[in-house]
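Everything below concerns the one structure shown next.
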Amino acid sequence: MTHSRLRFGLLTIVILVLAQAPPQATRGGESLQDSSAGAPAEKHPIHSMPYSPSLDLTSMDRTADPCVDFYQYVCGGWMKNNPIPPDQAGWSVYAKLADENDQFLWGILEEASDASRARNASEQKIGDMFQSCMDEPAIEKLGAAPLEPGLREIAALTSKSELAAYLGREHMNARGGSAVFSFGSDQDFEDASQVIAFAHAGGLGLPDRDYYTKTDPHSLKIRDQYIEHVQKMFVLLGDSPTSADAEAKTVMSIEAALAQKSLTRVERRNPHNLLHKMDRAQLKALTPDFDWDAYLSAVGLSSVQKFNVTEPEFYREVNSLIQSESLDDWK
């Protein structure tokens with residue numbers, strides 16, 4: 001009876017370990033095995049998910065002594081059969097599943113993009129968008145032409161007073177959801193039954209405000225590379241290298257000023273730091289050089305009167321930059 005219970009207990013542990021994602025060539029999260037040599041395997045769309053049994057005895061290494069190395073005994077077969085791909089830092093059944101799921105979704109999109117098959121309205125929209133994104137020769141041929149309407153709209157601005165209405169229009173389309181700042185709706189922090197307007201910080205091209213504020217060599221290098229990247233974007237739009245370099249530095253200057261007045265990640269963890277409810281008059285007083293009436297009209301919220309401004313100091317800096325920076329710099 002005791003031996004039966006022991007065998008049952010051991011089998012239960014094996015099943016549990018196999019059912020968990022045995023991290024290929026990892027122990028405690030640390031990689032223990034080099035990536036396999038050679039180029040990454042070519043990815044392709046699949047139309048059904050590969051079957052993976054919950055208990056796969058081939059994932060075990062029965063040559064190992066479970067009393068000496070239980071991990072190798074349970075997962076050794078899986079690690080042998082699934083070497084770390086050369087383009088990955090680590091590998092596990094979870095990572096493999098996610099990779100296969102991406103290829104499965106790719107297959108769904110590819111099917112939806114096939115105009116020769118019967119498609120419903122949703123499939124046609126999804127498939128046509130996917131196909132337009134995957135048609136790289138057509139994308140290269142078009143160059144910056146798809147951006148021209150937006151660029152013309154920017155060029156047509158004649159006064160900084162027009163920035164608010166312009167940003168409202170940008171925030172309503174896919175081009176500029178967080179240009180200068182981010183605006184949306186959320187539960188009132190003081191009354192979760194109510195949804196109110198939220199004005200958030202934004203306007204940063206780099207992932208986080210710390211990318212602009214840290215002074216270590218790595219951070220300085222990232223900022224230099226970012227300026228180089230933005231400069232290349234302006235050149236691709238037709239500006240001269242000299243003009244593009246000056247424009248890229250202007251972009252960095254404005255973004256760095258916004259970053260300096262943005263909360264850190266640690267500060268944002270405290271919800272009290274993000275609670276600054278205001279009415280419309282107070283919002284206008286916070287940024288007197290930004291036409292909130294025009295902005296709210298552009299986003300279809302002319303009647304909204306209650307706001308939560310998560311970072312007031314950020315918005316004071318926005319107003320200061322509207323005063324100090326030229327219209328050309330804002331453009």
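The values are calculated or read from the model by the stated rules, or taken from the named source; none is laboratory data. The model shown is predicted, which means the values in this text are computed figures rather than measured ones. Positions of Cβ are backbone-derived with ideal geometry, glycine not excepted, and every protein chain shown enters the neighbour counts. Please note that ligands, DNA and RNA were not included when accessible areas were found on the heavy atoms of the full protein model with its side chains. Shrake-Rupley method; radii C 1.70, N 1.55, O 1.52, S 1.80 Å.
Flag not set for Tyr226, criterion: touching a helix residue (DSSP H, G or I) at 6+ places or on another chain (Cβ under 6 Å) and either outside any helix (DSSP H, G or I) or among the hydroxyl-bearing types (Ser, Thr, Tyr) (or both).
From the list Ser52, Ser59, the lone residue that is within 36 Å of the chain's Cα centre (by Cα), under 17 Å from Trp91 (Cα atoms) and open to solvent by less than 60 Å² (accessible area, probe 1.4 Å) is Ser59.
Selection of region 152-167 for residues being open to solvent by 60 Å² or more (accessible area, probe 1.4 Å), aliphatic (A, V, I, L, M) and not in a loop (DSSP other than H, G, I, E, B) yields only Ala155.
Residues of region 276-331 that are of a type in the set (A, V, I, L, M), part of a helix (DSSP H, G or I) and closer than 18 Å to Ser161 by Cβ: Leu283, Ala285, Leu286, Ala294, Leu296, Ala298, Val318, Leu321, Ile322, Leu327.
Candidates in region 168-185 are the residues that are exposed (fewer than 15 other Cβ atoms within 10 Å of the Cβ) and closer than 23 Å to Thr264 by Cα; of these, the one that is nearest to the chain's Cα centre (by Cα) is Gly177. Of all the residues in region 230-273, those that are of a type in the set (Gly, Ala, Ser), over 16 Å from Glu317 (Cβ atoms) and part of a helix (DSSP H, G or I) number 4.
Applying the condition of being open to solvent by less than 50 Å² (accessible area, probe 1.4 Å) and acidic (Asp, Glu) to region 186-223 and asking which residue is nearest to Leu296 (Cα to Cα) yields Asp188. The residues on offer are Tyr295, Tyr315, and the sole one that is under 17 Å from Lys261 (Cβ atoms) and within 27 Å of the chain's Cα centre (by Cα) is Tyr315.
Yes/no per residue for (1) open to solvent by less than 70 Å² (accessible area, probe 1.4 Å); (2) more than 26 Å from Leu206 (Cα to Cα):
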{"residue": "Ser243", "(1), (2)": "yes, no"}
{"residue": "Glu255", "(1), (2)": "yes, no"}
{"residue": "Leu258", "(1), (2)": "yes, no"}
{"residue": "Arg265", "(1), (2)": "no, no"}
{"residue": "Asn273", "(1), (2)": "yes, no"}
{"residue": "Ala285", "(1), (2)": "no, yes"}
{"residue": "Tyr295", "(1), (2)": "yes, no"}
{"residue": "Val299", "(1), (2)": "yes, no"}
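Would you mind finding the one in Val299, Val304 that is in contact with a Phe, Trp or Tyr (Cβ under 8 Å, 6 or more places away or on another chain) and β-branched (Val, Ile, Thr)? Answer to the selection: Val299. Of all residue pairs spaced 6 or more apart or on separate chains, those with beta-carbon atoms under 6 Å, a first member in region 81-96 that is within 14 Å of Pro50 (Cβ to Cβ) and a second member that is buried (at least 19 other Cβ atoms within 10 Å of the Cβ) are Asn82/Gln24.
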